[in-house]
1. How large is the convex hull of the C-alpha atoms of segment B:1-142 per residue, in Å³?
2. Which residue, A:163, A:177, A:111, tops the fluctuation ranking in a GNM of chain A built on C-alpha contacts under 10 Å?
3. How big is D, in µm² s⁻¹, for segment B:187-268 by Stokes-Einstein at 4 °C and 1.567 mPa s if Rh is the Kirkwood radius over C-alpha pairs?
4. Straight-line reach from residue B:28: which lysines have a Cα under 22 Å away, not including same-chain ones fewer than 8 places off?
5. Provide, as a two-decimal number, the C-alpha radius of gyration of segment A:158-214 over 2.2 N^0.38 Å, N being how many residues it has.
6. Taking Cα atoms of segment B:232-381, Rg/Rh with Kirkwood Rh, to two decimals?
7. Rounded to whole Å, give me the distance from the Cα center of segment B:266-324 to that of segment A:61-78.
8. Based on the Cα atoms of the protein assembly as shown, what semi-axes does the equivalent ellipsoid have, where each is the square root of 5 times one gyration tensor eigenvalue, given in whole Å with the largest first?
Amino acid sequence: MTSSTDACEPRPALPFASLQQQRIAGRFGLWLFLGNEILFFGGFVIAYAQGRWTHPDAYIAASAHTDLLLGGIESLVLLISSFIASVALRSLMLDRRRTAIRLLLAVAVLGLLFLGLHGKEWSDEIHEHLLPGHGFDGSGGEQLFFFIYYVATGFHGLHVLIGVVLMAVLAQRLGQGRYSARHHPAVELSILYWHLVDGVWMLLFTLFYLVDRT
Amino acid sequence: MSDATTVDHSYLDDGNRLIDWLTTRDHKRIAILYALAIAGFFFLGGAAAVLIRIELVTPAGDLLSAEGYAKAFTIHGVIMVWFFLIPSIPATLGNFLLPLMIGARDLAFPRLNLWSWYVYVIGGLFTLATLIAGGVDTGWTFYTPYSTLYSNSYVMLAVCGVFVVGFSSIFTAINFIVSVHTLRAPGLGWFRLPLFVWALYATSLVIVLATPVLTTVLALIAFERIFGVGIFDPLIGGDPLLFQHLFWFYSHPAVYIMVLPAMGVVSELITCFARRRVFGYKFMAWSILAIAGLGFLVWGHHMFVSGQSTYASMVFSALSYLVAIPSAIKVFNWTATLHKGQISFEAPMLYALGFIGLFLFGGLTGLFLAATALDVHLTDTYFVVAHFHYIMVGGAVMAYMGGIHFWWPKITGRLYPESWARFAAILMFFGFNITFFPQYLLGMHGMPRRYHEYPPEFQVLNVLSSAGASILALSYLLPPCYLLWSLRRGKRAGRNPWRAAGLEWLSESPPPTHNFEQQPRATREAYAYDQLD
């Protein structure tokens, strides 16, 4: 009982005078972090753009080897997961705790599905000798394309994995009654992060699967 | 109720087992943790500098092999840039003072602050591992394709260390920005903030916007080493120059990450020891932001001889000259602040005046290097080495030392011995100039950097430089001795031994864990010394 009354009357964390101040600070901090993430992936985009500028034909040839169908399904999976994450946040705000837990777990499962599908793509491409380095089947420019492809999607996959862990931890903590309908900064911020991971994928999907595909 | 128990209780009394310190979320204790770790790396990087200067006493390569010398200057650069200069003022003085200066109980995210220190330590362990494994010989700039395809040293370990430590500065920067936006005391509007807070704020913006690009480029180096090919590999049509663009997109702003906080410290010291309002406060604040912004537009001046387009070089050259404008505003305004001030020459003031002189010299020689024609002659000579040491060591380290002395009474509650401190400050100024001024001359005469041997005609100036370095080393060893002595034997400092104007001096010395007994209010402009005296 005591824990539930505590949950009803949350108190602001140490340096803050009010819950609202804490929420604003948390959101602002996370947006700064997201800006930072965008610049991190921005470096890969610059590298991609420079390669595309110097080797346009090789990039067109290389992008024909990426799996449009699987990539498309992966995009759908992430988009749906982002939608579900928003609904999960909304249910928590309406104090529908059990629904929120189920939805967060669904997000985690979809994240894992994404990783599985993308792992399948990677292994197919490795079988087609598209891994940069010794034994690569294609021109130098195509190697450049696949180098960026593996590094950028690899780092994106790492972000998805972190998101999956976050969602699972949040679901477990919600089960312990940790967050209240009024005050749940960790849930809100993690879901914001998940949307960014989704957004970054949309950018990578466009660059590696869609641009000038013949 | 809880307030009543914390009144006479300083942050230093709040549990002194090791575990209390290692799990603390108090910004003041985290600042101390940072200060200790950073001091350790400073002396490690300094040891590498000692090796370099001893080797260069004679023209022949007798102490170190060419490879050993390359490893010595690489580890010197990596440690001094990423493990000392970048975190030095923000993570120690900034961490300790920012909440006090804005009248807050702590930074916005205390746990993230502690994480930042642990991440720094993990990055530091990678660097120590690099050193123990056998070192790295690429230079601190990790230029490709040498770092990716040809170097047989421990590039991966070193790159991992720098990759990891980047996150610690990003965490601190996010914490600072959010704190300044959300936790200012009532009455403390933006244009009442001390310039040190402005400087930390601008520095944090630069860190957040530049560091992720360094992270990207280090990741690309690491994967190029793993795959054996990559986008910087000219053999498959990649472009090694792309590395330089991405690297300097971070590393030029990084210069301002090092020097902006130093400028902030100097503004505090000059006003206090001239007992005057800072001249042109708003110009000072805006010029900090202007330097931070322009810093992102000038990276190409590191690449004048790289084969980039001449037109690009012209634009980068012109933009680099622009940086001189806000920098000059700052120097002129500090000087104007001194005018008709009641100046006293306590040790922090000596450091601050030293900063102005050395920064001026470093900045003016920076203009030489921004001129494309002259730069072709001076690139990769000791002129460049002297220039950036004047800014980073002459500038940033002098300000760091000045700041440590100025706030030492606040941090520890004790006064340091004044005459020893003045002696060390003066020694440092002369030692520094004797070390690095000859290097300008060496560079003008064409002595290239990064070689362990040199033609005999350069010996006199090199011996002078090494002699100066030994004076400089002594002046760095003195402060730890008398500062540690003062921890037990120093006189007790009251709340405000300098009669300084900032909010941090309203708190006890040393401050209680929660900083202020009551939420302070800002009733005056910053630096209202005319109203104070």
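1. Details: hull volume 20.0 nm³, N = 142.
Dividing the Cα hull volume of segment B:1-142 by its residue count gives 141 Å³.
2. A:177
3. Details: Rh = 14.8 Å.
The Stokes-Einstein estimate is 88 µm²/s.
4. Straight-line reach from residue B:28, under 22 Å: B:410, B:491.
5. Details: Rg = 15.6 Å, N = 57, 2.2 N^0.38 = 10.2 Å.
Here the Cα radius of gyration is 1.53 times the empirical estimate.
6. With Rh from the inverse mean 1/r over Cα pairs, Rg/Rh is 1.08.
7. Each part's Cα centre sits 45 Å from the other's.
8. Working: eigenvalues 358, 285, 93 Å².
Each semi-axis is the square root of five times an eigenvalue, giving 42, 38, 22 Å.
The numbers here are math on the coordinates, done by the rules we state, and not lab data. Everything numeric in this text was worked out from a predicted model, so none of it was measured. When we count neighbours, we look across all protein chains shown, and the Cβ atoms used for this are built from the backbone with ideal geometry, even at glycine.
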